[in-house]
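The structure appears below as structure tokens.
The values are calculated or read from the model by the stated rules, or taken from the named source; none is laboratory data. Just so we're clear, the structure is a prediction, and the values are computed from it rather than from any experiment. We place every Cβ from the backbone using ideal geometry, glycine too, and count neighbours over all the protein chains shown.
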2 protein chains.
Amino acid sequence: MKTYIGVDLGGTLVRVAKVSASGEILYESKSDSLAQKGPEIVLDNIIKMIKNIPDYKECVGVGLGIPGPVDTVKGIITLATNLKDFTNFPVAKYLEDALGLRVFLDNDANVAGLAEATLGAGKDLPSVYYITQSTGIGGAFVVDGRVISGRTGYAGEVANIVVCESSEKINHLNLGAVENEASGTALVRRAKELVDPEISDAREIFELAREGNEKALFLVDDMARKFALMMANVAHVVDPHIFVLGGGITKAHDMYLDLVREYFKGYVHKGMRGIKIELAQLKEPGIIGAAMLPLSYGL
Amino acid sequence: MKTYIGVDLGGTLVRVAKVSASGEILYESKSDSLAQKGPEIVLDNIIKMIKNIPDYKECVGVGLGIPGPVDTVKGIITLATNLKDFTNFPVAKYLEDALGLRVFLDNDANVAGLAEATLGAGKDLPSVYYITQSTGIGGAFVVDGRVISGRTGYAGEVANIVVCESSEKINHLNLGAVENEASGTALVRRAKELVDPEISDAREIFELAREGNEKALFLVDDMARKFALMMANVAHVVDPHIFVLGGGITKAHDMYLDLVREYFKGYVHKGMRGIKIELAQLKEPGIIGAAMLPLSYGL
């Protein structure tokens, strides 16, 4: 069976793995990502880690998952916020020259979506829209096993979709953007105002809701409704076969998932109510999805 | 050069054409579509029209553009509102059996988008989001020369995307859906309330705006802003290389297009401001796009 190298590069850690075409992790290592030391030092460290994989040259290709939008054709990061001086650095070319292997990159939500589409909840379905909901919100659109990353890698940046009228400017996102209304961060912000200023974690709010706290129940309901409206907007654009939901908030799916499904049905045409909404299945979508990138390009 | 047969089937008329791979119409005929007589009579009429095309058997395949969402895999219309008893009728199979040619169908916005992506304003670009704005609003997403029509043909049904909070239930669409806020029909409805109850056509409102009428200017500005917000929502889902705008409203592009472009830039991330927004170029996108369907499937 063919094997691939996956690299999950974050602001803190970098993980490197050898993965089989069926998604089995055959070898894995991790290290400090050295993210503030500049691209040469970060990539030289990754090259060393890859060269430590036994028989790494027998792998078919390398895939990298990276925080931020990526120009997949040029193999560059178009906006690196957590990786110093990476914006527009020729990441794919630098690694290819050093390793003699084809290298592909895409952003971390896209590779997680690719993993779920290829091996997880979206397996065998022609089109999958993956959405991760934790401190932030991100997405990925996968058609026939290939990420649609768009003109400059902004496909799936669903965080900025507007779901309500709001006059409160919170950050660089649109007024009423879903990430400021229905992310974990937004839930905590709203709960501090409405329930208890001491709340610091979304889990506490779900716990209060489970205990029947009216205000917490309202906040969870309102989050589910706004998240579902964002999903409905996505569905009217691409009509995916399934939405796969990942990220930390899905840990509270008992309080939340059925609400999202109900609100979604109310926001779409009758013929779209059969779109599946399921939880992500894979434990390691980041590293496995990165390894699936070369496969998705036909390698 | 290969030739294709395109069929543009509407509630009133049906048009049949033989089209070259470069988009030249080589032969054309039209007739009453007989839309209320049921699928056999409608399709038998189309079969007769196709058989009247000289050397029709030398064409590579047939494409149909149809109002309403289409299941392109099964070759059926999933929701026919203007064509009596067409919902779930095996359109593609019926025509294939009679003609001995491969038959593909898709909805009219999708085939118009395909034409613009293949031969019009989106030519040579990897991904195109086409949006038509006239009495209603429709869209189509074309990637690498192929329409992404979705699970049951609802991709591109952008009319139902929510762009504002509204408590006015107008039709089956969502409260605040863009079609009820920024279509030609919506513009007339709002102008009747705000400007003059005698207004009956969007052209009159643009004319008043050109003359400096403050209320008409406000309505045009508000329509452009809401349309641009819908486009921004689309862009965050798929990040297309270009938006191609068609439909009757674009005839007033002098009053309108630059406003849409400016509002769009304000609603997207900086890296997305380079997404092109251009007018459709083809005079006959419906019939040419229908003929391009077989080509888009590799024929």
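Answer yes if at least one residue in segment A:141-151 is under 28 Å from B:Glu165 (Cβ atoms) and at pLDDT 95 or above, and no otherwise. Outline the logic, then answer.
Let us first name the residues in segment A:141-151 that are under 28 Å from B:Glu165 (Cβ atoms), namely A:141.
Next, only the ones that are at pLDDT 95 or above stay: A:141.
The answer is yes; a qualifying residue exists.
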Check: Among the residues of segment A:286-298, which ones are modelled with pLDDT under 95 and in contact with an Asp or Glu (Cβ under 6 Å, 6 or more places away or on another chain)?
Finding: A:Gly286
Margin query: Anything in segment A:217-253 that is within 12 Å of chain B (Cβ to nearest Cβ) and hydrophobic (A, V, I, L, M, F, W, C)? List them, or say none.
Written below: A:Ala228, A:Leu229, A:Met230, A:Met231, A:Ala232, A:Val234, A:Ala235, A:Val237, A:Val238, A:Ile242, A:Phe243
Next item on the list: Go through segment A:1-25 and count every residue that is basic (Lys, Arg) and touching a helix residue (DSSP H, G or I) at 6+ places or on another chain (Cβ under 7 Å).
Entry: 1
Check: How many of the residues making up segment A:7-26 are of a type outside the set (A, V, I, L, M), touching a Pro at 6+ places or on another chain (Cβ under 9 Å) and buried (at least 16 other Cβ atoms within 10 Å of the Cβ)?
Finding: 2
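Residues checked against (1) under 19 Å from B:Gly122 (Cα atoms); (2) in contact with a helix residue (DSSP H, G or I) (Cβ under 9 Å, 6 or more places away or on another chain); (3) within 14 Å of chain A (Cβ to nearest Cβ):
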residue: B:Met255; (1), (2), (3): no, yes, no
residue: B:Arg261; (1), (2), (3): yes, yes, no
residue: B:Tyr267; (1), (2), (3): no, yes, yes
residue: B:Lys276; (1), (2), (3): yes, no, yes
residue: B:Leu279; (1), (2), (3): yes, yes, no
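Within segment B:176-194, identify whether any single residue is among the acidic types (Asp, Glu), in contact with a Ser or Thr (Cβ under 9 Å, 6 or more places away or on another chain) and within 12 Å of another protein chain (Cβ to nearest Cβ), and answer yes or no. Write out each step before concluding.
Of segment B:176-194, the ones among the acidic types (Asp, Glu) are B:179, B:181, B:193.
Then drop every residue that is not in contact with a Ser or Thr (Cβ under 9 Å, 6 or more places away or on another chain), which leaves B:179, B:181.
With within 12 Å of another protein chain (Cβ to nearest Cβ) added as a condition, the list becomes B:179.
The answer is yes, given that some residue of segment B:176-194 is among the acidic types (Asp, Glu), in contact with a Ser or Thr (Cβ under 9 Å, 6 or more places away or on another chain) and within 12 Å of another protein chain (Cβ to nearest Cβ).
For the structure I just gave you, tell me whether A:Asn180 is buried (at least 24 other Cβ atoms within 10 Å of the Cβ) and without any contact (Cβ under 8 Å) to a residue 40 or more places away in the chain. So that I can check it myself, show each step before the final result.
Working: buried (at least 24 other Cβ atoms within 10 Å of the Cβ): yes; without any contact (Cβ under 8 Å) to a residue 40 or more places away in the chain: yes.
Yes; evaluated as a whole, the condition is true for this residue.
Going by what's in this entry, would A:Ala80 be described as among the hydrophobic types (A, V, I, L, M, F, W, C), surrounded by fewer than 23 Cβ atoms within 10 Å (Cβ to Cβ) and under 20 Å from the mean Cα position of the chain (by Cα)? Please lay out each step first, then the result.
Working: among the hydrophobic types (A, V, I, L, M, F, W, C): yes; surrounded by fewer than 23 Cβ atoms within 10 Å (Cβ to Cβ): yes; under 20 Å from the mean Cα position of the chain (by Cα): yes.
Yes, satisfied.
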Notebook entry, point to check: For B:Val147, all conditions in the list (1) of a type outside the set (S, T, N, Q); (2) in contact with a helix residue (DSSP H, G or I) (Cβ under 6 Å, 6 or more places away or on another chain); (3) at the interface with another protein chain (Cβ under 7 Å from one of its Cβ atoms) hold save one; what is the number of the exception?
Noted result: (3)
Next item on the list: Only residues that are β-branched (Val, Ile, Thr) and under 19 Å from A:Gly136 (Cα atoms): list them for segment A:94-122, please.
Entry: A:Val111
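Can you tell me which of B:Val188, B:Val103, B:Val142 is surrounded by 24 or more Cβ atoms within 10 Å (Cβ to Cβ) and hydrophobic (A, V, I, L, M, F, W, C)?
Of B:Val188, B:Val103, B:Val142, the one residue that is surrounded by 24 or more Cβ atoms within 10 Å (Cβ to Cβ) and hydrophobic (A, V, I, L, M, F, W, C) is B:Val142.
For segment A:270-285, which residues satisfy the criterion of being surrounded by fewer than 21 Cβ atoms within 10 Å (Cβ to Cβ) and of a type outside the set (Asp, Glu)? Working first, answer last.
Step one: of segment A:270-285, the residues surrounded by fewer than 21 Cβ atoms within 10 Å (Cβ to Cβ) are A:270-271, A:273-274, A:276-279, A:281-284.
Selection gives A:Lys270, A:Gly271, A:Arg273, A:Gly274, A:Lys276, A:Ile277, A:Leu279, A:Gln281, A:Leu282, A:Lys283.
Go through segment A:125-136 and give me each residue that's of a type in the set (Gly, Ala, Ser) and either part of a loop (DSSP other than H, G, I, E, B) or in the same structural domain as A:Asp71 (by TED's automatic domain parsing) (or both). Steps first, please.
Within segment A:125-136, the subset of a type in the set (Gly, Ala, Ser) is A:127, A:134, A:136.
Of everything in segment A:125-136, those that are of a type in the set (Gly, Ala, Ser) and either part of a loop (DSSP other than H, G, I, E, B) or in the same structural domain as A:Asp71 (by TED's automatic domain parsing) (or both) turn out to be A:Ser134, A:Gly136.
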Item checked: Qualifying strands (runs of 3 or more DSSP E) (wholly inside segment B:1-114; at least 1 residues being farther than 18 Å from B:Pro294 by Cα and among the charged types (D, E, K, R)) -> B:25-32
Checklist line | Sole exception among (1) more than 11 Å from chain A (Cβ to nearest Cβ); (2) farther than 24 Å from B:Leu217 by Cα for B:Leu125, by number | finding: (1)
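Results for (1) over 20 Å from the mean Cα position of the chain (by Cα); (2) assigned by TED's automatic domain parsing to the domain that holds B:Gly139; (3) aliphatic (A, V, I, L, M), shown as yes or no for each residue.
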position: B:Leu173; (1), (2), (3): no, yes, yes
position: B:Val178; (1), (2), (3): no, yes, yes
position: B:Ser183; (1), (2), (3): no, yes, no
position: B:Val188; (1), (2), (3): yes, yes, yes
position: B:Ala191; (1), (2), (3): yes, yes, yes
position: B:Asp201; (1), (2), (3): yes, yes, no
position: B:Ala209; (1), (2), (3): yes, yes, yes
position: B:Glu214; (1), (2), (3): yes, yes, no
position: B:Phe218; (1), (2), (3): yes, yes, no
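If I filter segment B:132-144 down to residues being more than 7 Å from chain A (Cβ to nearest Cβ) and farther than 23 Å from B:Ala224 by Cβ, which single residue comes out as farthest from the chain's Cα centre (by Cα)?
So the residue we want is B:Asp144.
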Item checked: Subset of segment B:119-137 (residues that are surrounded by fewer than 24 Cβ atoms within 10 Å (Cβ to Cβ) and within 20 Å of B:Asp8 (Cβ to Cβ)) -> B:Leu119, B:Ala121, B:Ser134, B:Thr135, B:Gly136
Notebook entry, point to check: List, please: which pairs have Cβ atoms under 6 Å, are six or more places apart or on different chains, and start with a residue in segment A:153-168 that is more than 8 Å from chain B (Cβ to nearest Cβ) and end with one that is assigned to a loop (DSSP other than H, G, I, E, B) and modelled with pLDDT of 95 or more?
Noted result: A:Ser166/A:Leu175; A:Ser166/A:Gly176
Notebook entry, point to check: Assuming A:Glu181 fulfils every condition listed in (1) closer than 30 Å to B:Gly139 by Cβ; (2) modelled with pLDDT under 95; (3) of a type outside the set (S, T, N, Q) apart from one, which condition is it?
Noted result: (2)
Item checked: Exclusive hit being modelled with pLDDT under 95 and either within 21 Å of A:Thr152 (Cα to Cα) or more than 14 Å from chain B (Cβ to nearest Cβ) (or both), set A:Val70, A:Val60 -> A:Val70
